[in-house]
Structures are given as structure tokens and as C-alpha cells.
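Written out below as C-alpha cells is the structure these notes cover.
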Amino acid sequence: MKKLFMGILALSVLLAAISVAGCTGTCYTMFYDDDNGSEREVKENCIIIIELSENPTTGYTWEMDTGGLTLINDEYIQDKNTEGMTGAGGIHKWEISADKKGEFTIKGIYKRSWEETTPDDKTWTSLVNVV
């Protein structure tokens, strides 16, 4: 019985070591409101996370163009301390996969979807070089 237990324990340790050895972790690159106009180098297969202030109760939302990179997730997160309050804002969060090498321009425009785009609309842009 002791040999069986030791064999199972050794197999468990071996499997755990193999599963951990293959994990290199996922790298993330974060962008915020203040990163407008920035240029960044990002490693291929990393995840780009963009978090921009947004208040959809005013009708204004971000329209984001990933520049050819793959959008993984797109969500609005209301500020916790203002939940249920009329007119409260939050952040819009995008997760984008840097899944191919090259130079990409990620850009967004903050506007009401039913209105025409104007030069006065707020914009956000970043040049990303995936290496």
C-alpha cells in the first residue's frame, strides 16, 4: 500500500511540474486616458488592456478601432461607489490581443452614436509596435 501511495505521489508531483514548466504567464500592457498620443512597443501574444473614462448616461460612449489587432473583450464598468446613482460614470475596458507583429494604430472617438462626427469630438490614439 505504501508503494502505491508513493507512486501516486510521485506521479502527482511530476504532472504538477510539467504543467508549471509550460506556463510562462501572460503579459499585459495597460493604457489609460493619459496615454493618449503614446507610442508603445508590445511583445507578440501579449494582451493590451485599454481603460478609458466613460459616462454612457450622457449618451457619450467610446467607439474603438483596434487597428487590425484582435478584440478579445469589450465592457463598461460602472464606478462601484456610484452604483445606482443617476448620471454616474465609470470606465470602458477593452482587451486586445497583440497576435501579430507590425505597427498598429489603436484609436477611439468619444461621441454620441446618433450624431455626426465632428472635429471637436474627443479622441484617443496610440501607436503600438508589436515585436
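Can you tell me how many residues in the range 100-122 are under 17 Å from Thr58 (Cβ atoms) and in a strand (DSSP E or B)?
Matching residues across the range 100-122 total 6.
Could you check the range 49-99 and list, in sequence order, the residues that are of a type in the set (A, V, I, L, M, F, W, C) and either out of contact with any Phe, Trp or Tyr (no Cβ under 7 Å at 6 or more places or on another chain) or not in a strand (DSSP E or B) (or both)?
Leu69, Ile72, Ile77, Met85, Ala88, Ile91, Trp94, Ile96, Ala98
Test of understanding: among Gly90, Gly59, which residue is of a type outside the set (Asp, Glu), surrounded by 14 or more Cβ atoms within 10 Å (Cβ to Cβ) and at pLDDT below 95?
On inspection, the qualifying residue turns out to be Gly90.
Determine, yes or no, whether Thr125 is at pLDDT below 95 and either part of a loop (DSSP other than H, G, I, E, B) or surrounded by fewer than 17 Cβ atoms within 10 Å (Cβ to Cβ) (or both).
Considered against the rule, which asks whether it is at pLDDT below 95 and either part of a loop (DSSP other than H, G, I, E, B) or surrounded by fewer than 17 Cβ atoms within 10 Å (Cβ to Cβ) (or both), Thr125 comes out as no.
If you take the residues of the range 23-41 that are touching a Cys at 6+ places or on another chain (Cβ under 8 Å) and closer than 17 Å to Lys100 by Cβ, which of them is surrounded by the most Cβ atoms within 10 Å (Cβ to Cβ)?
Thr29
Before we move on, is Glu44 surrounded by fewer than 14 Cβ atoms within 10 Å (Cβ to Cβ), at pLDDT 95 or above and assigned to a loop (DSSP other than H, G, I, E, B)?
Yes, satisfied.
The values are calculated or read from the model by the stated rules, or taken from the named source; none is laboratory data. Predicted, not measured: the structure shown is a model, and the values here were computed from it. With ideal geometry, Cβ positions are generated from the backbone for all residues, glycine too; neighbour counts draw on all protein chains shown.
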